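Structure first, then comments.
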Ligand code: ADP
Ligand code: MG
């Protein structure tokens, strides 16, 4: 086109598009949900703006917040249109030519190596999936602040933008026209599109319409050589008695009118494809597990076939009213603990009276729970204020408090319902129905994926420290290679044992051999193994549990049952210990003592009560924390 301005894609975008075009990835269906998801985001944005300025919506059809899908079979065009916020010329250049998120190259690489384009939405590049099915794409967009533009590209490294002087004015919003490849003919079938919307876009909170063809009977002038039209009439309407009646009365009238006959004709109608009643407003007992799973997939933009590990759907009442659904994902994302303290993390969507406000509120959940997905819809929060004002609203604190409680309850229940978690007698009593099978080992799975978050929670959240400590799992000298809990440890404590013993290190083999354990093992005391670098950090915050103190067995202060000989030995070796302490420079050791913690090993170096353990020294040196 003569007025078109040409642009080149950012290098990574070009690479990504090449990967997509040449992809052998078989699930090409995903493009539709990505486009619908973008349309829905754009509608959320304009609806949010309209809260403070009604004018932005315009009038008539423009004010209808909906998504429309249309087919042009002869031209092989599939178009998706929304009345969302639209894009200015600048937006088109920026949003559909560059990748805004950081770490761009890394995920382009990942897409290439894994070949799994299912994750494309999570990476914030879902739009480009259109090139799975189209070889030429036009994006027509009208934003309130600009004229209407057309963005177009054949995925050949470049795109063009022109002021739109030939298409019908959109009013506001965006229309994406996909010129489908020959192999993508299936997407010209209405039934296919309906199936896809049902499958992937069921929980979109705006109506999705399909311009659907319908075969209808219409009256047409009869051909000259047609003998009777009565046969025609009865045939085409035989299934519908009501119509037959009206036909008869018409028949009487036809005597004066020219003869007509019935013919099939194709007409079009907007057919609503989704149920827009928000799932979180429904009563939990009316929502099936499949629905929660599907909802999780659309919320997390994670379309694998794994079920979330757990969910909690509840209504909070009282001063602050809200509804929420929280999910524990089936897996932790790879970067969950990467630069944990430096990146903003929030995965809950905030709605106020069904209006989407933001998914960037990190005031809703503490950092350590940021692995959860979900949403909160509150009736108490004000609608007509800015995001910044909302962020400071007093109710958020109450919401956060309740969300944490519910989240920890949900996690505790994973353990409670897991037959593998119970020990001894209880275990035999657990009836292993098929339902339990699924729950078997769920908590170990949870712990494996998100255990670190619980530990970070103990560090960060003093208020819930005890609740979180209940969720801790670890191996010990008596756990037999399995995970065990503090409660289980306590139930096995020896009569008279006051402290909970633990030792820290990098691996079990090394710890098992530690001289610090000799005596404890011999006397049949259980010792916890802490082997994660974060454990050292954790134990600086976790001082006690159920009135029992924690004692690092490699540190000063280990009190075992008094040995009758100890006092005697102290006396006997008094001179030796004195000499020894003098022989070692004072900056190397604080003291030399007779100890009852050893069995075979003659002596051992112990850390002072408040000093760093040897393991901590090692961690600090390697900076792995
Ligand atoms: P994401 O949706 O994760 O941001 P996409 O690749 O799907 O990534 O879309 C890129 C950007 O293009 C969006 O963030 C949005 O700014 C813009 N965009 C895409 N589709 C639309 C649309 N229908 N209306 C308005 N803006 C859109
Ligand atoms: Mg998107």
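Exactly one residue out of 542, 560 is modelled with pLDDT under 80, assigned to a loop (DSSP other than H, G, I, E, B) and surrounded by 14 or more Cβ atoms within 10 Å (Cβ to Cβ), and it is 560. Residues that are within 16 Å of ligand 2 (Cβ to nearest atom) and in contact with a strand residue (DSSP E or B) (Cβ under 7 Å, 6 or more places away or on another chain) do not occur anywhere in segment 46-55.
Among the residues of segment 448-462, is any in a loop (DSSP other than H, G, I, E, B), modelled with pLDDT of 95 or more and either closer than 23 Å to residue 366 by Cα or out of contact with any helix residue (DSSP H, G or I) (no Cβ under 8 Å at 6 or more places or on another chain) (or both)? The answer is yes, given that some residue of segment 448-462 is in a loop (DSSP other than H, G, I, E, B), modelled with pLDDT of 95 or more and either closer than 23 Å to residue 366 by Cα or out of contact with any helix residue (DSSP H, G or I) (no Cβ under 8 Å at 6 or more places or on another chain) (or both). For residues in segment 1-32 being within 25 Å of the chain's Cα centre (by Cα) and modelled with pLDDT of 95 or more, which is farthest from residue 202 (Cα to Cα)? The residue in question is 31.
A quick yes/no check of all residues on (1) surrounded by fewer than 10 Cβ atoms within 10 Å (Cβ to Cβ); (2) under 30 Å from residue 415 (Cα atoms); (3) at pLDDT below 70:
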{"site": "236", "(1), (2), (3)": "no, no, yes"}
{"site": "244", "(1), (2), (3)": "no, no, yes"}
{"site": "247", "(1), (2), (3)": "no, no, yes"}
{"site": "269", "(1), (2), (3)": "no, no, no"}
{"site": "287", "(1), (2), (3)": "no, yes, no"}
{"site": "298", "(1), (2), (3)": "no, yes, no"}
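Taking segment 541-556 as the range and being touching a residue at least 60 places away in the same chain (Cβ under 8 Å) and on the phi < 0 side of the Ramachandran plot as the test, the residues that pass are 541, 542, 545, 552, 554.
Would you be able to say whether some residue in segment 573-589 is part of a loop (DSSP other than H, G, I, E, B) and touching a strand residue (DSSP E or B) at 6+ places or on another chain (Cβ under 8 Å)? No; the residues of segment 573-589 include none that is part of a loop (DSSP other than H, G, I, E, B) and touching a strand residue (DSSP E or B) at 6+ places or on another chain (Cβ under 8 Å).
When 120, 69 are checked against the criterion of being under 20 Å from the mean Cα position of the chain (by Cα) and either away from ligand 1 (no atom under 12 Å from the Cβ) or buried (at least 19 other Cβ atoms within 10 Å of the Cβ) (or both), 120 stands alone in meeting it.
Selection of strands (runs of 3 or more DSSP E) fully inside segment 333-383 by the criterion of at least 3 residues being within 15 Å of the chain's Cα centre (by Cα) returns 348-352, 373-378. Got at least one residue in segment 104-126 being touching a strand residue (DSSP E or B) at 6+ places or on another chain (Cβ under 9 Å), touching a residue at least 60 places away in the same chain (Cβ under 8 Å) and within 16 Å of ligand 2 (Cβ to nearest atom)? Looking through segment 104-126, none of the residues is touching a strand residue (DSSP E or B) at 6+ places or on another chain (Cβ under 9 Å), touching a residue at least 60 places away in the same chain (Cβ under 8 Å) and within 16 Å of ligand 2 (Cβ to nearest atom).
Only one entry in 204, 176 is in a strand (DSSP E or B) and surrounded by 14 or more Cβ atoms within 10 Å (Cβ to Cβ), namely 176.
Against the test of being in contact (Cβ under 8 Å) with a residue 12 or more places away in the chain, in a loop (DSSP other than H, G, I, E, B) and at negative phi, the options 534, 604 yield a single qualifying residue, 604. Could you tell me whether residue 104 is at pLDDT below 95 and surrounded by 20 or more Cβ atoms within 10 Å (Cβ to Cβ)? Here the answer is yes, as residue 104 does meet what is asked. The residues listed here are 396, 383; of these, the one that is over 24 Å from residue 447 (Cβ atoms) and surrounded by fewer than 17 Cβ atoms within 10 Å (Cβ to Cβ) is 383. Report whether or not residue 41 is within 13 Å of ligand 2 (Cβ to nearest atom) and either closer than 23 Å to residue 382 by Cα or more than 29 Å from the chain's Cα centre (by Cα) (or both). Criteria met by residue 41. Any idea which residue in segment 21-40 is surrounded by the most Cβ atoms within 10 Å (Cβ to Cβ), counting only those that are touching a strand residue (DSSP E or B) at 6+ places or on another chain (Cβ under 9 Å) and farther than 20 Å from residue 155 by Cα? My answer is 39. Might you let me know whether segment 418-440 holds any residue that is within 25 Å of residue 314 (Cα to Cα), touching a helix residue (DSSP H, G or I) at 6+ places or on another chain (Cβ under 6 Å) and modelled with pLDDT under 85? So far as segment 418-440 goes, yes, one or more of its residues are within 25 Å of residue 314 (Cα to Cα), touching a helix residue (DSSP H, G or I) at 6+ places or on another chain (Cβ under 6 Å) and modelled with pLDDT under 85. Count of segment 472-486 residues, restricted to those that are more than 12 Å from residue 545 (Cα to Cα) and part of a loop (DSSP other than H, G, I, E, B), is 8. Of the strands (runs of 3 or more DSSP E) that lie entirely inside segment 127-170, those containing 3 or more residues that are away from ligand 1 (no atom under 15 Å from the Cβ) span 158-163. Limited to segment 1-14, what total is found for residues that are crowded, with 18+ Cβ neighbours inside 10 Å and out of contact with any strand residue (DSSP E or B) (no Cβ under 7 Å at 6 or more places or on another chain)? Within segment 1-14, residues that are crowded, with 18+ Cβ neighbours inside 10 Å and out of contact with any strand residue (DSSP E or B) (no Cβ under 7 Å at 6 or more places or on another chain) number 1.
Kindly establish whether residue 489 is out of contact with any strand residue (DSSP E or B) (no Cβ under 9 Å at 6 or more places or on another chain), assigned to a helix (DSSP H, G or I), in contact (Cβ under 8 Å) with a residue 12 or more places away in the chain and within 27 Å of residue 412 (Cα to Cα). No: the conditions fail for residue 489.
The values are calculated or read from the model by the stated rules, or taken from the named source; none is laboratory data. Every value quoted in this text rests on a predicted model; they were computed, and no experiment measured them. Cβ sites come from the backbone with ideal geometry, for glycine too, and all protein chains shown count toward neighbours.
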